[in-house]
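Remarks on the structure that follows.
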Amino acid sequence: MRKSREDGFIEFAGGLTGHLFRSACLLTSGDTYLAEDLVQETLGRMYLKWGRISQVDNPAAYAQTVLVRTFLTYRRRRSSGERPVAEMPNTPLVTGDDPLLRLALLQALGQLPPKDRAVVVLRYWEDRNIEETADVMNTSSSAVRSRASRALARLRAELGGSLAELIAAT
C-alpha cells in the first residue's frame, strides 16, 4: 500500500515539476536557484500530506497554492544576512527567440513587491480568475483587483517605451 502511494506521488511530482518551476521562476524574477528551492519545498510539503492531498479534486491547483504561499512566506522571513545585488554573478542561460524581452519582463517583475508579483503571475501567467487568485493568496477578491491594477500600472511605467522597442526588435 505504501509503495503504491509513493509511486503515485512520484508520478504526480514528475508531471508537475516543470510547470511549478516555470511559475517559481516568474515569482522569483528569474532567480532559478531560489525557484528550485521553492519547488523542492513545495513538493516536500505535498509529500508529507500526500495521503490526504491525493483525494483532493485538483492536486495540481493545490500544489500551485502551496508554491505561492511558500514564496510569500519566504519573502517575509528572508534572512537579514542576505544582501540583494543589482546583478547576479552567474546569470542563467536564456533560450528562445526573444531574450531581451524576456530579461526586460523578468527585471520589471522583480521590481514589484512579492504579493503584487504573485497576483500578476497567478492572474496573467497561470490564467486564474480573481476568486481563485484570492483563494490561493488567502485574501479578498477586491484586494486582488487592486493589486493587479497597481502592479500592471507599475509594470507599464517600468517598461515604458522600451517594451515597444524590444518587441519591434524581435
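Derivation of every value follows stated rules applied to the coordinates shown; laboratory data play no part. Keep in mind the model is a prediction, meaning the values are calculated, not measured. Counting neighbours? That spans all protein chains shown, and the Cβs are built from the backbone with ideal geometry, glycine included.
3J(HN,Hα) along segment 55-71, derived from phi through the Karplus expression 6.51 cos²θ - 1.76 cosθ + 1.60 where θ = phi - 60°, amounts to 8, 5, 4, 9, x, 5, 5, 5, 5, 5, 4, 4, 4, 5, 5, 5, 4 Hz, with x in place of Gly and Pro. Each label point was placed 7 Å from the Cα along the Cα-to-Cβ direction; for residue 61 and residue 100 their separation is 4.1 nm. Projected label points at residue 111 and residue 145, each 7 Å from Cα along the beta carbon direction, are separated by 2.7 nanometres.
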